[in-house]
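Student: Below is the structure I would like to discuss, written out as structure tokens.
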């Protein structure tokens, strides 16, 4: 016997991963220059130089057994304190070391947090569309029902009127992701204030806290004058799930954290529940070397110029062809409305031209496709003529 749900998840990979694997196979058969893979959000810039310097420093100077040994289950105290101090410096909060739990990236942070907050069958977790498809997997694995809150299509922000209609007595949490995957939208202060007001009102109406979980792997990837608000400054019953995968270009090293707002009405209990969920899931003691590295690199930033050039090249090129898309202010994704309205059909048709794009259906946004522009510049340049042919074919269907 085996777990049927786990079997289903294991036997059917996500659409994103399927496209990525298809791209590798096609590149091997036809040549990499014939494949324009916009499927996977894998950083295309190198980590800041200080990352390699920090790794070398620790390897050369720290006693090996200590360097590679276990830290405390929730993470090294010095690392957690440094992160808490940095958060307070940036956002004028009062986070302490014992509000921080080190994790193996954002996925572990979200999974731990959801398991800490969901306490009974039938409870619900709302996510603002468009959303990362794995949210549904994480929510259901924690034993809750996943509910999608509609988006405002003009800017991909949260439709707060519809949100208010969806939250009910069974709602325990809401997930916000800004800068957003898949749209690249950065939620404005006004949007965050409205969302916070709606959730607070509903918490009071149902006499129990409804947590806002801010998923923030793209926080540092913003362009121009765009600013990313910090949820703890807007809403007390909140948790931040952070990852260094994008900010330090370290997706394969799997390092991040959970930060529980110390102003939450039951902050100490929630943090202990986070620790308990981490223990139950086996997510204790995040990679020790990478914990020490991120402590050294808290103020490092990715090379945004490379992403910005790619964004402008792809956005301007597609707009000139005739595609309908909103210019993203953050992350490294472009969300494009497809000609004809059928994203699945468009994505399949695009393969004929060697173009790999992810249908928006899994993101809670049918009729759109996601393009990850964290690719080589020549990939974008060489793909545009094929995007033009694809547009002409699908526009007339």
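The values are calculated or read from the model by the stated rules, or taken from the named source; none is laboratory data. None of these values were measured; they are calculated from a predicted model. Reconstructed Cβ throughout: ideal geometry from the backbone, glycine too, with neighbour counts over all protein chains shown.
Student: Mind checking whether some residue in region 110-118 is part of a loop (DSSP other than H, G, I, E, B) and on the phi < 0 side of the Ramachandran plot? Steps first, please.
Tutor: Quick first cut of region 110-118, residues part of a loop (DSSP other than H, G, I, E, B) only: 118.
Next, only the ones that are on the phi < 0 side of the Ramachandran plot stay: 118.
Yes.
Student: Now, a different point. What about residue 264, is it outside any loop (DSSP other than H, G, I, E, B) and surrounded by fewer than 24 Cβ atoms within 10 Å (Cβ to Cβ)?
Tutor: Details: outside any loop (DSSP other than H, G, I, E, B): no; surrounded by fewer than 24 Cβ atoms within 10 Å (Cβ to Cβ): yes.
Considered against the rule, which asks whether it is outside any loop (DSSP other than H, G, I, E, B) and surrounded by fewer than 24 Cβ atoms within 10 Å (Cβ to Cβ), residue 264 comes out as no.
Student: Name the residue, out of 327, 299, that is in a loop (DSSP other than H, G, I, E, B), touching a helix residue (DSSP H, G or I) at 6+ places or on another chain (Cβ under 6 Å) and over 14 Å from residue 39 (Cβ atoms). Even if it seems obvious, please write down each step before you answer.
Tutor: Details: 299 fails: touching a helix residue (DSSP H, G or I) at 6+ places or on another chain (Cβ under 6 Å).
One residue alone meets the criteria, 327.
Student: Please find, within region 342-397, the residue that is surrounded by the most Cβ atoms within 10 Å (Cβ to Cβ) out of those that are free of Cβ contacts under 8 Å to residues at least 60 places away in the same chain and under 21 Å from residue 312 (Cβ atoms).
Tutor: 369
Student: Can you run down the residue pairs with Cβ atoms below 8 Å, 6 or more apart or on separate chains, where the first is in region 54-65 and in contact (Cβ under 8 Å) with a residue 12 or more places away in the chain and the partner is part of a loop (DSSP other than H, G, I, E, B)?
Tutor: These pairs meet every condition: 54/297.
Rundown of residues vs (1) crowded, with 20+ Cβ neighbours inside 10 Å; (2) closer than 27 Å to residue 368 by Cα, yes/no style:
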| residue | (1), (2) |
| --- | --- |
| 180 | yes, yes |
| 187 | yes, yes |
| 226 | no, yes |
| 237 | yes, no |
| 241 | yes, yes |
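Student: Go through the residues of region 374-394 one by one and say whether even a single one is within 21 Å of the chain's Cα centre (by Cα) and not in a helix (DSSP H, G or I).
Tutor: Residues of region 374-394 within 21 Å of the chain's Cα centre (by Cα): 374-375.
Then keep just the ones that are not in a helix (DSSP H, G or I); that gives 374-375.
Checked region 374-394: at least one residue is within 21 Å of the chain's Cα centre (by Cα) and not in a helix (DSSP H, G or I).
Student: Taking residue 272, is it without any contact (Cβ under 8 Å) to a residue 12 or more places away in the chain and not in a loop (DSSP other than H, G, I, E, B)?
Tutor: Here the answer is yes, as residue 272 does meet what is asked.
Student: Another one. Please go through (1) assigned to a helix (DSSP H, G or I); (2) within 23 Å of residue 230 (Cα to Cα) for residue 136 and return the number of the only condition it doesn't satisfy.
Tutor: Among (1) assigned to a helix (DSSP H, G or I); (2) within 23 Å of residue 230 (Cα to Cα), residue 136 violates only (2).
Student: Moving on. Run down 135, 77 and say which single residue is without any contact (Cβ under 8 Å) to a residue 24 or more places away in the chain and in contact with a helix residue (DSSP H, G or I) (Cβ under 9 Å, 6 or more places away or on another chain). Steps first, answer last, please.
Tutor: Numbers: 135 fails: without any contact (Cβ under 8 Å) to a residue 24 or more places away in the chain.
77 is the lone residue from the list that is without any contact (Cβ under 8 Å) to a residue 24 or more places away in the chain and in contact with a helix residue (DSSP H, G or I) (Cβ under 9 Å, 6 or more places away or on another chain).
Student: Moving on. Which residues, taken from region 173-192, are assigned to a loop (DSSP other than H, G, I, E, B), within 18 Å of residue 232 (Cα to Cα) and in contact with a helix residue (DSSP H, G or I) (Cβ under 9 Å, 6 or more places away or on another chain)?
Tutor: Across region 173-192, the qualifying residues are 178, 187.
Student: Given the options 4, 26, 90, name the one that is in contact (Cβ under 8 Å) with a residue 24 or more places away in the chain and exposed (fewer than 13 other Cβ atoms within 10 Å of the Cβ). So that I can check it myself, show each step before the final result.
Tutor: Values: 4 fails: in contact (Cβ under 8 Å) with a residue 24 or more places away in the chain; 26 fails: exposed (fewer than 13 other Cβ atoms within 10 Å of the Cβ).
None of the other options fit; the residue is 90.
Student: Continuing with the same structure: Would you be able to say whether some residue in region 221-239 is out of contact with any helix residue (DSSP H, G or I) (no Cβ under 8 Å at 6 or more places or on another chain), at pLDDT 95 or above, in the same structural domain as residue 80 (by TED's automatic domain parsing) and in a helix (DSSP H, G or I)?
Tutor: No - not one qualifying residue is present in region 221-239.
Student: While we're here: Taking helices (runs of 4 or more DSSP H) that fall entirely within region 1-78, which contain at least 2 residues that are under 14 Å from residue 290 (Cβ atoms)?
Tutor: Numbers: elements: 4-11, 15-30, 49-61, 64-67.
Passing ranges, in order: 49-61.
Student: Can I ask one more? So how many residues does region 152-172 have that are assigned to a strand (DSSP E or B) and at pLDDT below 95? So that I can check it myself, show each step before the final result.
Tutor: To start, the set of residues in region 152-172 that are assigned to a strand (DSSP E or B) comprises 152, 157-158, 171-172.
Next, from what is left, pick out any that are at pLDDT below 95: 152.
So the count comes out to 1.
Student: Further question: When region 107-128 is examined, which residues are found to be under 23 Å from residue 246 (Cα atoms) and either buried (at least 22 other Cβ atoms within 10 Å of the Cβ) or modelled with pLDDT under 95 (or both)?
Tutor: Within region 107-128, the subset under 23 Å from residue 246 (Cα atoms) is 107-114, 127-128.
Within region 107-128, 108, 109, 110, 111, 112, 113, 114, 127, 128 meet the criteria.
Student: How about region 193-208: which of its residues are within 29 Å of residue 255 (Cβ to Cβ) and touching a helix residue (DSSP H, G or I) at 6+ places or on another chain (Cβ under 7 Å)?
Tutor: 195
Student: Of everything in region 29-68 that's touching a strand residue (DSSP E or B) at 6+ places or on another chain (Cβ under 8 Å) and buried (at least 19 other Cβ atoms within 10 Å of the Cβ), which residue is farthest from residue 379 (Cα to Cα)?
Tutor: Taking region 29-68 first, the residues touching a strand residue (DSSP E or B) at 6+ places or on another chain (Cβ under 8 Å) are 35-42.
Filter once more, keeping what is buried (at least 19 other Cβ atoms within 10 Å of the Cβ): 35-39, 41.
Working: 35: 8, 36: 6, 37: 8, 38: 9, 39: 12, 41: 15 Å.
Only one residue tops the list, namely 41.
Student: If only one of 161, 170, 155 is out of contact with any helix residue (DSSP H, G or I) (no Cβ under 7 Å at 6 or more places or on another chain), under 28 Å from residue 268 (Cβ atoms) and surrounded by fewer than 17 Cβ atoms within 10 Å (Cβ to Cβ), which one is it?
Tutor: Details: 161 fails: under 28 Å from residue 268 (Cβ atoms); 155 fails: under 28 Å from residue 268 (Cβ atoms).
Exactly one of 161, 170, 155 is out of contact with any helix residue (DSSP H, G or I) (no Cβ under 7 Å at 6 or more places or on another chain), under 28 Å from residue 268 (Cβ atoms) and surrounded by fewer than 17 Cβ atoms within 10 Å (Cβ to Cβ), namely 170.
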